[in-house]
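The values are calculated or read from the model by the stated rules, or taken from the named source; none is laboratory data. Remember, predicted model here, so these are calculated numbers, not experimental data. As a convention, Cβ positions derive from the backbone with ideal geometry for all residues, glycine included, and neighbour counts pool all protein chains shown. The area values use the complete protein model at the heavy-atom level, side chains included, leaving out ligands, DNA and RNA. Shrake-Rupley method; radii C 1.70, N 1.55, O 1.52, S 1.80 Å.
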Amino acid sequence: MNVKPVAVILTVDAGGTNFVFSAINNGEILGNTVSLTAKIDSESECSNCLIDGFEKLQSQINEVAVAISFAFPGPADYENGIIGNLPNFPGINGNYPLKSILESHFNLPVFINNDGNLFAYGEALAGVLPDINARLKQAGGNKQFNNLIGITLGTGIGAGLISNGIMLRGDNSSAAEIHNLNNPNRQDWNVEENISTRAIQRIYGNQYKHASEVVLTPKDIYEIAKGLRNGDKEAALASFQIYGRTLGCAIATMVTLFDGLVVLGGGITAAWDLLAPSIFEVINRPFDNPGLIQVPKTTVRIFDYQKKEEAEKFIKGDLVKLKNDSNGGQLIHDQMVRTAVVLSENGASHSTSLGAYYFALDQLNISK
């Protein structure tokens, strides 16, 4: 019987409120996670909090870790583990050598990456990509996907690109910085000003008929839009519609440039029923070129995989038989040029942890 070697990787989900630590081996979390209140008011506090969490985690598992790997906010030189100036971490103001600090303390290799990159990597290796390829194979077609665009929707918007199992990080650790795409609503804004928690709150507040100083969460505003909570329903619906239309533009741009499956994760995806109509309204609206010649917004057809009938069409494809020699031989060809937008089943946090785990195995040349 083949038994995979023990390769325990320590990871942390480094949010602005909590640092959640987990140990992973063979793609499974070992024991319990460790959660600590995030210390972000100074570099030393942040380092000590991370060290404390990893030490607590290591003490409760039987195996010895071979590496530390995790996502941390950018901007950063991720290759060298040097963190830049972080707006949401007030104590970190650039040139923070987090990788070397942790390596010196634990005497272990440390890998730090962007959360969008690691989310996409987790989905590519142990999430949406293998799941959809298995369904396509089961359906009898020959279509398989090798490229994936991972997009996280939470406080802001992040992204990662995976091509044939390789994470595309760019020459400056800045690949897939989707938040800086042009905003179709205001040319002096980036898209994150309409695809973020603050955008939902701002748009609702601007359109709310009765001014209020109460700051509502996106969940609150979603409940107002659904009629489950008192408030301005029209303003609540508008906040998700504008978010969805802007996200639709961003997705169409990413698919045009990269051509891969699109997987979405993060807390805002809970409002998919309100977002999806606006997203696909934009994606499916053709361009009106001079001479009134309409052309599709993307070369490939983009399916809403969360709709059962759309998912079935996507999986089925459009198979044709082509004659490929003079003796009557046939070639089966799927002539439907397509991709899909899919919601993560693992969840953003879990897929990001898995991405960190598998990325560390790659860097250590340990077989997955």
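Let me check something: with ligands and nucleic acids excluded, how do Met336, Met254 order by accessible area (1.4 Å probe), largest to smallest?
Met336, Met254
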> What net charge is computed for the residues neighbouring Gly154, neighbours being all others with C-beta under 14 Å from the C-beta of Gly154, Lys and Arg scored +1, Asp and Glu -1?
Replying inline: -1
> Between Ser35 and Gln294, what length in nm is gained on full extension when 0.36 nm per residue of separation is reduced by their alpha carbon distance?
Replying inline: 87.9 nm
> Can you give the % of DSSP beta bridges in segment 1-145 that are antiparallel, to the nearest 5?
Replying inline: 70
>> Using +1 at the C-beta of Lys and Arg and -1 at the C-beta of Asp and Glu, which of Leu216, Ser104, Trp272 has the Cα lying farthest in the positive direction of the dipole of the chain?
In response: Trp272
>> Taking 35 Å as R0, compute the FRET efficiency from the Cβ-Cβ separation of Ile61 and Leu168 and round it to 0.05.
In response: 0.60
>> Let me understand the chain better: what is its radius of gyration from the alpha carbons, and its Dmax, in angstrom?
In response: 22.4, 78
> What does the charge dipole of the chain about its Cα centre add up to, to the nearest 20 debye, if the Cβ of each Lys and Arg holds +1 and the Cβ of each Asp and Glu holds -1?
Replying inline: 1120
> Given segment 225-364, what percent of its DSSP beta bridges are antiparallel, to the nearest 5?
Replying inline: 55
>> Within segment 292-368, what whole-number % of the accessible surface is contributed by carbon and sulfur, with the 1.4 Å probe and all protein chains included in the calculation?
In response: 48
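Taking every pair of alpha-carbon atoms in segment 1-152, give the share separated by more than 22 Å as a whole percent.
Numbers: 5409 of 11476 pairs.
In whole percent, the long-distance tail amounts to 47.
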> Arg301 accessible area, nearest 10 Å², 1.4 Å probe?
Replying inline: 110
> Cross-link list Lys226/Lys307; Lys137/Lys226; Lys233/Lys313: which exceed 29 angstrom alpha carbon to alpha carbon?
Replying inline: Lys137/Lys226; Lys233/Lys313
> Which of the pairs Lys143/Lys308; Lys56/Lys99; Lys297/Lys321; Lys143/Lys323 have their Cα atoms more than 24 Å apart in this structure?
Replying inline: Lys297/Lys321
> If you stretched the chain out fully between Lys316 and Asp52, how much longer would it get, using 0.36 nm times the residue separation minus the C-alpha to C-alpha distance?
Replying inline: 90.0 nm
>> Please compute the per residue accessible area over the chain with all protein chains in place, 1.4 Å probe, rounded to a whole number of Å².
In response: 49
>> Students sometimes get this wrong: rank Thr152, Thr253 by accessible area, probe 1.4 Å, all chains present, largest first.
In response: Thr253, Thr152
> Is segment 215-368 best put as rounded, prolate or oblate by its Cα gyration tensor, with a ≥ b ≥ c the root eigenvalues, rounded for a/c under 1.5, and otherwise prolate when a/b is larger than b/c, oblate when not?
Replying inline: oblate
> Rounded to the nearest 5, what is the percent of antiparallel bridges among the DSSP beta bridges in the chain?
Replying inline: 65
>> Helix-only mean residue ellipticity at 222 nm, the chain, DSSP H runs n ≥ 4 weighted -39,500 (n - 2.57), per residue, nearest 500. What is it?
In response: -11500 deg cm²/dmol
> Once the convex hull of the C-alpha atoms of segment 1-66 is built, how many Å³ does it hold per residue, rounded to a whole number?
Replying inline: 80
>> Taking a ≥ b ≥ c as the square roots of the Cα gyration tensor eigenvalues, with a/c under 1.5 meaning rounded and otherwise prolate when a/b beats b/c, else oblate, which class fits segment 85-191?
In response: oblate
